[in-house]
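Below is one structure, written out as structure tokens, with a few remarks after it.
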Amino acid sequence: VRAASPQLAQVSADLAADRATPRATLTLRRREAPLASTARQLEMLAAVPLQKAGRRVEFDAMAGTFAPAHLEIFQVNLGKLCNMTCRHCHVDAGPDRTDAMMADAVVERVIAAIGRTRAHTVDLTGGAPELHPRFRDVVAAGVTAGKHVMDRCNLTVLLLPRNAGLADWFAERGVEVVASLPHYRRPNTDAQRGDGVFDRSVKALRLLNDAGYGKGDPRKRLTLVSNPAGAFLGAAQATAEREWKEALQRQHGVRFDRLFVLNNMPISRFLEWLEASGNLDAYMERLVNAFNPGAVEGLMCRNTLSVGWDGRLYDCDFNQMLDLEIDLPRGPHIGDFDEDAWHRRRIVTARHCFGCTAGAGSSCGGQTA
Amino acid sequence: LDTYYKTQHLADFPKIAEGSPELGKKFFDYYGAVFADGALTAREKSLIALAVAHTVQCPYCIDAYTSDCQQKGADFEQMTEALHVAVAIRGGSSLVHGMQMREHARKAGM
């Protein structure tokens, strides 16, 4: 594997030597699977026979027009490198994805843009963003600019030797840790992420608790993010949060502040799983039947800018993974970002968007309706 | 009888109200209220429904509450344990009726 910098080569070597992190599958790219092509993914979604009253169902027709709101979230995807390979990953992230990591020149442009943006929150994602050699520089840029910084963390990455002390480093800077944990019990978590991930996740949660996270301090907020382990929608967020808090405290002595419940988007590895397990048509039908007009107003594409590892811009991280670029006149790159034009853009949608309007709605900030 | 139960029946269930809209509305309103979060969570109620579904051996209810339990955040172990509660009560109820048998047999026997 070729890496762009010596630092990245070192991360890649560390991941290759890592025998502790369980892995559920291999990336589509590594397997050279047909769905590694985003065009093939869009074709597969378009071919699903979604019909209502004899007419083909499309997202735009159901959602109607919805305009951008104010820019609040500046979300940066630092790249697809990850220590894990979860079955449902919409990024096709994994330890082999050094091909899609943000280059230094792009990092500099992102840092400059963070200094200029009116968005109040900098949301860092990946892959595992903590594996990017410049991760701490980007966090620091957000903190210096007075932004609320969120790290989208897979938990197990905190146990890697290279990240020792990271929880305390976050705590000193008031970084919110938004940690993915599919379920509060072992079976569904390990089914989605690999055998042994649940136990390592609990270990990482203890580490965060020890650093002061998850105990009601707004500067040390620990948010958990749940994804369904299968072809069904997320549970009701408020009820699930109560159940999770009670169970994680009682069974493992760990605490957290709030729970986001997300739906799985029918793209990348989750799309592959849906197709292979014979669930694709039924899942898409379930999303359409659960279409909630009340979830349209809270769609994250209305208040979020999504920056890709190569500096290209998107309306959300899912569009990014489908190569559906933002519709801006000056070109979709962070170096040319014009925030006023962003507020006038037309939001790009396709059938995967039904994942965000199903049931109680779904966004990077949890349920929306 | 091989087509007595049809998957589509489940999706069409609300149509049962056509024969008696007033009673249908009362039933479905009540049904919805029963399964809302209350002193028990919606997930706990769904697990009870799953166990009862296996007791009344209703294929519609089994399909519906397997999906509902998953969607409410129950996992396979929790769902299987719920079933064993139904099994224990069914088996236990047979066995505890053995007390009738026992009493009757003791009375007539020597």
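The values are calculated or read from the model by the stated rules, or taken from the named source; none is laboratory data. Everything numeric here is computed off the predicted structure, so don't read it as measured data. No Cβ is skipped: glycine too gets one built from the backbone with ideal geometry, and neighbour counts run over all protein chains shown.
The table below gives the values:
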quantity	calculated
Every residue from segment B:91-110 that is among the hydrophobic types (A, V, I, L, M, F, W, C) and under 22 Å from the mean Cα position of the chain (by Cα)	B:Leu95, B:Val96
Test: A:Arg97 is in a helix (DSSP H, G or I) and in contact (Cβ under 8 Å) with a residue 60 or more places away in the chain	no
Residues being over 21 Å from the mean Cα position of the chain (by Cα) and in contact (Cβ under 8 Å) with a residue 60 or more places away in the chain - total across segment A:186-206	2
Among residues of segment A:245-279, those that are part of a loop (DSSP other than H, G, I, E, B), within 14 Å of chain B (Cβ to nearest Cβ) and without any contact (Cβ under 8 Å) to a residue 12 or more places away in the chain, counted	0
Tally, over segment A:174-202, of residues that are assigned to a helix (DSSP H, G or I) and surrounded by fewer than 16 Cβ atoms within 10 Å (Cβ to Cβ)	2
Qualifying position, being under 22 Å from A:His183 (Cα atoms), out of contact with any Phe, Trp or Tyr (no Cβ under 6 Å at 6 or more places or on another chain) and either aliphatic (A, V, I, L, M) or not in a loop (DSSP other than H, G, I, E, B) (or both), among B:Arg43, B:Arg90, B:Arg102	B:Arg43
Subset of segment A:141-168 (residues that are within 26 Å of A:Pro95 (Cβ to Cβ), assigned to a helix (DSSP H, G or I) and out of contact with any helix residue (DSSP H, G or I) (no Cβ under 7 Å at 6 or more places or on another chain))	A:Pro161, A:Asp168
Sole residue being at pLDDT 95 or above, in a helix (DSSP H, G or I) and crowded, with 16+ Cβ neighbours inside 10 Å, chosen from B:Ala33, B:Ala51, B:Ala17	B:Ala51
Residue list for segment A:24-57, filter: exposed (fewer than 13 other Cβ atoms within 10 Å of the Cβ), part of a loop (DSSP other than H, G, I, E, B) and of a type in the set (A, V, I, L, M)	A:Ala47, A:Ala53
Options A:Asp104, A:Asp96, A:Asp60, A:Asp92; residue that is touching a helix residue (DSSP H, G or I) at 6+ places or on another chain (Cβ under 6 Å), acidic (Asp, Glu) and either at positive phi or surrounded by fewer than 18 Cβ atoms within 10 Å (Cβ to Cβ) (or both)	A:Asp92
Sole exception among (1) under 25 Å from A:Tyr184 (Cβ atoms); (2) within 14 Å of chain A (Cβ to nearest Cβ) for B:Ile48, by number	(2)
Tabulated pairs, segment B:27-39, first more than 14 Å from chain A (Cβ to nearest Cβ), second surrounded by fewer than 11 Cβ atoms within 10 Å (Cβ to Cβ), C-beta under 8 angstrom, 6+ apart or interchain	B:Phe28/B:Pro14
Selection count, segment B:51-68, where residues are out of contact with any helix residue (DSSP H, G or I) (no Cβ under 7 Å at 6 or more places or on another chain) and either within 14 Å of chain A (Cβ to nearest Cβ) or in contact (Cβ under 8 Å) with a residue 60 or more places away in the chain (or both)	1
Flag for B:Gln8 being surrounded by fewer than 15 Cβ atoms within 10 Å (Cβ to Cβ) and within 14 Å of chain A (Cβ to nearest Cβ)	yes
Long-range neighbours under 9 Å by Cβ, at least six apart or interchain, first residue under 26 Å from B:Thr55 (Cβ atoms) within segment B:90-110, second in a helix (DSSP H, G or I)	B:Arg90/B:His54; B:Arg90/B:Thr55
Selected residue (only one of B:Gln78, B:Gln71 is in contact (Cβ under 8 Å) with a residue 24 or more places away in the chain and within 14 Å of chain A (Cβ to nearest Cβ))	B:Gln78
Filter result for A:Arg242 (within 14 Å of chain B (Cβ to nearest Cβ), over 27 Å from A:Arg23 (Cα atoms), basic (Lys, Arg) and part of a helix (DSSP H, G or I))	yes
Selection status of A:Thr21, part of a loop (DSSP other than H, G, I, E, B), touching a Ser or Thr at 6+ places or on another chain (Cβ under 8 Å) and not aliphatic (A, V, I, L, M)	yes
Pick from segment A:218-239, criterion more than 9 Å from chain B (Cβ to nearest Cβ) and part of a helix (DSSP H, G or I), ranking: farthest from B:Gly73 (Cα to Cα)	A:Arg219
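For (1) touching a strand residue (DSSP E or B) at 6+ places or on another chain (Cβ under 8 Å); (2) within 14 Å of another protein chain (Cβ to nearest Cβ); (3) touching a residue at least 60 places away in the same chain (Cβ under 8 Å), each residue gets a yes or a no:
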{"position": "A:Phe135", "(1), (2), (3)": "yes, no, no"}
{"position": "A:Lys147", "(1), (2), (3)": "yes, no, yes"}
{"position": "A:Leu208", "(1), (2), (3)": "yes, no, no"}
{"position": "A:Gly212", "(1), (2), (3)": "no, no, no"}
